[in-house]
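*Asks:* I am attaching a structure below and will ask some questions about it afterwards.
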Amino acid sequence: MAVRAMLYVPGNSESKLAKLVSFADQPIILDLEDSVPTDAKARARELVAASLSPDLVHSVRINGYASGHWFDDLDAVVQPGLRSIILPKAESASALEEVDSTIARFELERELAPGSVRLIAVIETARGMTQLTELAHVTPRLERFCFGGGDFALDLGLTWPESEPNPTVLAAKAQLVLVSRSAGLLAPEDGAYPAYRDSEGLEREALLARRMGFVSKHAIHPGQIEIIERVFSPSEVELTRARRIIEAFERAEHLGSAAIGLDGELIDYPVVLRARQVIDGAN
Ligand code: COA
Ligand code: MG
């Protein structure tokens, strides 16, 4: 199954918002947070609200709970055409609960199906990491986590981006993958790679994130989309290998064996089930 990469569009940029119609089926995150200066927040809210429509379904990154803007953001954008709310700097279960119940209230008032607006929590602080398990269980509206590299580096005083993966960042990202799976959330998405002309760096970071169990990565520039979608989609080689495993195993099982060799590798139930996941695009 082909993977889609969501593209951030600054909510105060009339010229970039004007391009949305030409991006037709591109999944978009309309941004009200860090790409919008404080004195442009109100204007961005209006522009983003006007960019949502039932035939152009997008997500919106609101401002974080501590910002004082999140309620007005939700008030402006919970309407038909809103796919999901991206909540940055998620780090407290009670704050997430309040955001969730506010979305629920606006859904009800605006005759949207309860729970139809999905929620993605961005983990990008040390506190968010330590509260991960609590956050994961706050609400069934929570679809998945996203890891935010820039703010995480800021919070911990790390360099970002780096050509060599940072062990602290990798440990945090691994935790995100594990807690997501254990809580029954969809696998996490990786946040944006800031050096938007550095295709190699993007590909390297995306490949590592994929190996770690992330299923996509956010984009900040249209030029990043193709690389991200290619890296996170199963390759022809992977699909062919998965098909061969399934075929060989089905033949063997028919003949009474559940452990066979294929090209010098043991094929047994977990290997076959994983091959089916690859074919189904599951993770
Ligand atoms: N959304 C929509 N269009 C975009 C875009 C984006 N995120 N990034 C670039 N473009 C468009 C540009 O407007 C330009 O269009 P044009 O040729 O019609 O003028 C074209 O793509 C090429 O852009 P380019 O000149 O290479 O980059 P830029 O200098 O215009 O923009 C950034 C560079 C980083 C400012 C821009 O990509 C951006 O704003 N990204 C999103 C930032 C963001 O949302 N941050 C928050 C999430 S971390
Ligand atoms: Mg951030």
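The values are calculated or read from the model by the stated rules, or taken from the named source; none is laboratory data. Every value quoted in this text rests on a predicted model; they were computed, and no experiment measured them. When we count neighbours, we look across all protein chains shown, and the Cβ atoms used for this are built from the backbone with ideal geometry, even at glycine. For accessibility, only protein heavy atoms count, side chains too; no ligands or nucleic acids. Shrake-Rupley method; radii C 1.70, N 1.55, O 1.52, S 1.80 Å.
*Asks:* Being in the same structural domain as Asp190 (by TED's automatic domain parsing) and under 20 Å from Ala192 (Cβ atoms) narrows it down to one residue among Asp34, Asp55, Asp72; which is it?
*Replies:* Asp34
*Asks:* Right, another one. For segment 135-152, which positions are away from ligand 1 (no atom under 13 Å from the Cβ) and of a type outside the set (Asp, Glu)?
*Replies:* Leu135, Ala136, His137, Val138, Thr139, Pro140, Arg141, Leu142, Arg144, Phe145 - these are the residues of segment 135-152 that are away from ligand 1 (no atom under 13 Å from the Cβ) and of a type outside the set (Asp, Glu).
*Asks:* Only one of (1) surrounded by fewer than 16 Cβ atoms within 10 Å (Cβ to Cβ); (2) more than 20 Å from the chain's Cα centre (by Cα); (3) not hydroxyl-bearing (Ser, Thr, Tyr) is not met by Gln79, so which one is it?
*Replies:* Result: Gln79 passes all but (1).
*Asks:* Here's something else I'd like to know. Based on this model, can you work out whether Val9 counts as of a type in the set (Val, Ile, Thr), away from ligand 2 (no atom under 16 Å from the Cβ) and out of contact with any His (no Cβ under 7 Å at 6 or more places or on another chain)?
*Replies:* Considered against the rule, which asks whether it is of a type in the set (Val, Ile, Thr), away from ligand 2 (no atom under 16 Å from the Cβ) and out of contact with any His (no Cβ under 7 Å at 6 or more places or on another chain), Val9 comes out as no.
*Asks:* Sticking with this one: Of the residues in segment 12-36, how many are away from ligand 2 (no atom under 16 Å from the Cβ) and farther than 30 Å from Thr240 by Cβ?
*Replies:* Of the residues in that region, 14 qualify.
*Asks:* Now, a different point. For the structure I just gave you, tell me whether Ser199 is closer than 30 Å to Ala126 by Cβ and open to solvent by 40 Å² or more (accessible area, probe 1.4 Å).
*Replies:* Spelling it out, it is not the case that Ser199 is closer than 30 Å to Ala126 by Cβ and open to solvent by 40 Å² or more (accessible area, probe 1.4 Å).
*Asks:* With respect to Arg181, determine if the residue is open to solvent by 50 Å² or more (accessible area, probe 1.4 Å), more than 15 Å from the chain's Cα centre (by Cα) and either outside the structural domain of Val77 (by TED's automatic domain parsing) or of a type in the set (Lys, Arg) (or both).
*Replies:* The answer is no for Arg181.
*Asks:* In the list Thr102, Thr125, which residue meets the criterion of being within 16 Å of ligand 1 (Cβ to nearest atom) and either open to solvent by less than 30 Å² (accessible area, probe 1.4 Å) or not assigned by TED's automatic domain parsing to the domain that holds Asp73 (or both)?
*Replies:* Thr125
*Asks:* So, one more: State whether one or more residues within segment 88-96 are more than 25 Å from Asp25 (Cβ to Cβ), open to solvent by 40 Å² or more (accessible area, probe 1.4 Å), among the basic types (Lys, Arg) and not in a helix (DSSP H, G or I).
*Replies:* yes
*Asks:* Moving on. All but one of (1) crowded, with 16+ Cβ neighbours inside 10 Å; (2) away from ligand 2 (no atom under 16 Å from the Cβ) hold for Asp73; which doesn't?
*Replies:* Of (1) crowded, with 16+ Cβ neighbours inside 10 Å; (2) away from ligand 2 (no atom under 16 Å from the Cβ), only one is false for Asp73: (2).
*Asks:* So which residues in segment 202-222 are open to solvent by less than 50 Å² (accessible area, probe 1.4 Å) and not aromatic (Phe, Trp, Tyr)?
*Replies:* Passing the criteria: Leu202, Glu205, Ala206, Leu208, Ala209, Met212, Gly213, Val215, Ser216, Lys217, His218, Ala219.
*Asks:* Could you please find all residues in segment 1-57 being among the hydroxyl-bearing types (Ser, Thr, Tyr) and either over 30 Å from Gln277 (Cβ atoms) or surrounded by fewer than 15 Cβ atoms within 10 Å (Cβ to Cβ) (or both)?
*Replies:* If the condition is that a residue be among the hydroxyl-bearing types (Ser, Thr, Tyr) and either over 30 Å from Gln277 (Cβ atoms) or surrounded by fewer than 15 Cβ atoms within 10 Å (Cβ to Cβ) (or both), then Ser13, Ser15, Ser22, Ser35, Thr38, Ser51, Ser53 are the ones that fit.
*Asks:* Across segment 128-157, which residue is surrounded by the fewest Cβ atoms within 10 Å (Cβ to Cβ) among those that are within 14 Å of ligand 2 (Cβ to nearest atom) and without any contact (Cβ under 8 Å) to a residue 24 or more places away in the chain?
*Replies:* Leu154
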